[in-house]
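First up is the structure itself, then whatever we jot down about it.
Read the figures in this text as sums done on the coordinates, not as results from a lab. All values derive from a computational prediction rather than experimental measurement. Here the Cβ positions follow ideal geometry from the backbone for every residue, glycine too, while neighbour counts run over all protein chains shown.
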């Protein structure tokens, strides 16, 4: 009678990783528990359609199977059994992978049809389903999680990107350490050792570390979440050295960017939670990727915090800053009219080149409110992104259009910000105080937003402006930001 | 030709999910962007060739024609007849695959369409994130976390 066997599973690794292993018709001995050895007859390559593989199974029997169809484009291959000790006739099986775009996993469907004697059909069907297909799913999972057996996707970069496995050793590194809260000089560069990654962690060698305003507040001791002695920095970019237990989908040699509530980024080498990592596409450089956190916040402010309609007006405070210059470019790509505040004419020009239609230079004798009202024909702006703390919030609300929204971000001086709800009621205004990490705990959303950001960077819709300094000059970086000398983002480069 | 592909895993058997999704007139029950739906000319919702008429929550209307429906493959294919989006020859397919391990299902939703080149990225995002992923997120909530 005819038997049809279907088994399917979801593997916690990107499709390229899974396919890199499965596409080799001669690879089963490396990952499938029942296959003791495999070789191709006539010394053919594992990918040759028509090629025959000869398996020796763990129980000593032999099996010959022929590759009938193989497609890298469809992530599929089919094969038939030529010789088997079991009564399986006309056996044709197909392996097919599909990407799970929401979560970077892989759907794996493995099915076959064959004829078997009636009295043995159910038994053979179950045997193949469980001992071949289901055992194969677990075997491949085990194989992918063992870093020694790592097989990178085929391609010119594969040979070059073999990173020496560190084998769980402590690694020497340098890190900026704060021992007492204070000014930029409160940080000193120290020799440290970094232990092997713990469960669900990866250890990375960093190439770019973005400086965020939050780091300055941590150093000054005015924001919770930073303890002494401590290393500032909540995001970074680098290459994975090794991975801890229970890490799926990330491998040594992978380029990643991460952002995390837990500080510690100002270092050459560090361990980081695997689920804080976002893999980097080839077209995005390490330096551009260091815009991750600020870029994601820009995307967040323009999606979940407040969704401005095309044609609406937005005012971005400190529009030439690390966040501001990304926010203005992203807003411009959504057809918003962008106003921004800057402190100098030079910053005004910088901002105009980066999507800001109306950079407004603060000067004695000019009223920001009057300027905003003039530009918007008395209507006010629909959306105000406020980063000035208590100062200027009243003016911000006065500049909003009816039903306008003000997002209060950052925590410039740690002081309380009073808010009179009656002022909001006069014109149906809304105010939000988003903390990005609360939104980014939603990992699928974070990954979607990162995907959008990287696509915009690749198409140069967003071009991060970056000033780099060596990691050892982190104090200099902080003081330049504090004295408002910088434009765009400031990024530290280890080993520089 | 622009192509969009999105997929996810739902924590419910394919038969269970298909019962909800095969109703060509039932998308308003689970997709958050759709306010109401009706099938034109009183035709049955599982008759290939029928046209569904959506009122979106943003007020816009979309008319879509059922081109294929397969209970055997857990899939259906449809074309957009009228929509506020600047695209042509839009054909989409939604398909379920059982995930035998854990009795869940894999769902994929793909579309192909033509549009002015400068609009391609924006429309691909609107379809992929705004329609498909938004639908997936709602389905994931409906059937529990995976």
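By the equivalent-ellipsoid construction on the alpha carbon gyration tensor, chain B comes out with semi-axes of 23, 18, 14 Å, ordered largest to smallest. The mean count of C-beta atoms from other chains within 10 Å of the C-beta of residues in B:127-135, rounded to a whole number, is 2. Across chain B, the mean sequence separation of Cα contacts (distance under 8 Å, 6 or more residues apart), normalised by length, yields a relative contact order of 31 percent. Each residue, residue B:71 and residue A:370, gets one label point 7 Å from its Cα in the Cβ direction; the gap between the two is 7.5 nm. Cβ crowding within 10 Å ranks A:479, A:401 as A:479, A:401, fewest other Cβ atoms first.
Between residue A:451 and residue A:222, what FRET efficiency comes out of the Förster formula 1/(1 + (r/R0)^6) with R0 = 51 Å and r the beta carbon distance, rounded to 0.05? After rounding, the FRET efficiency stands at 0.90.
Listed by Cβ neighbour count within 10 Å, with the fewest neighbours leading, A:277, A:271 appear as A:271, A:277. Can you classify the range A:350-396 as rounded, prolate or oblate using the Cα gyration tensor, where a ≥ b ≥ c are the square roots of its eigenvalues, rounded means a/c under 1.5, and otherwise it's prolate if a/b beats b/c and oblate if not? Rounded is the answer for the range A:350-396, as its axis ratio a/c remains below 1.5.
Shielding by partners for peptide A:445-452, expressed as the average number of C-beta atoms from other protein chains within 10 Å of each residue's C-beta, is 2.
When you restrict to C-alpha pairs under 8 Å that are six or more residues apart and normalise by the size of the range B:40-80, the relative contact order lands at 30 percent. What the Kirkwood sum gives for the range A:93-133 is a hydrodynamic radius of 12.0 Å, with every pair of different alpha carbons counted. Comparing B:83, B:37, B:75 in a Gaussian network model of chain B, where Cα atoms under 10 Å apart are tied by springs, the biggest mean-square fluctuation is seen for B:83. Hey, could you grab the Kirkwood Rh for chain A? Inverse mean 1/r over distinct alpha carbon pairs, Å, one decimal. Kirkwood hydrodynamic radius for chain A: 25.8 Å. Volume per residue for the range A:432-472 equals 148 cubic angstrom (convex hull of Cα atoms). If you take the square roots of the eigenvalues of the alpha-carbon gyration tensor of the range A:304-392 and sort them as a ≥ b ≥ c, do you get rounded (a/c under 1.5), prolate (a/b over b/c) or oblate? Because its axes are fairly even, with a/c under 1.5, the range A:304-392 counts as rounded.
The value of relative contact order for the range A:298-457, using C-alpha pairs under 8 Å at least six residues apart, is 19 percent.
Distance between the C-alpha centres of the range A:271-287 and the range A:437-496: 13 Å, rounded to the whole angstrom. FRET efficiency for the residue A:346 to residue B:57 pair, using the beta carbon distance and R₀ = 51 Å, is estimated at 0.65.
Maximal additional length on extending the residue B:3-residue B:89 stretch stands at 29.8 nm, based on 0.36 nm per residue less the C-alpha distance. Assuming a ≥ b ≥ c are the square roots of the Cα gyration tensor eigenvalues, decide whether the range A:219-298 counts as rounded (a/c under 1.5), prolate (otherwise, with a/b larger than b/c) or oblate. Oblate shape, in that a/c is at least 1.5 and b/c is the bigger or equal ratio.
Look at the stretch B:92-100: the mean tally of other chain Cβ atoms within 10 Å of its residues' Cβ atoms is 3.
Length available on full extension from residue A:61 to residue A:437: 0.36 nm per residue minus the Cα-Cα distance, which gives 129.8 nm.
Rounded to the nearest 0.05, the FRET efficiency derived from the C-beta distance between residue B:47 and residue A:135 at R0 = 41 Å is 0.40.
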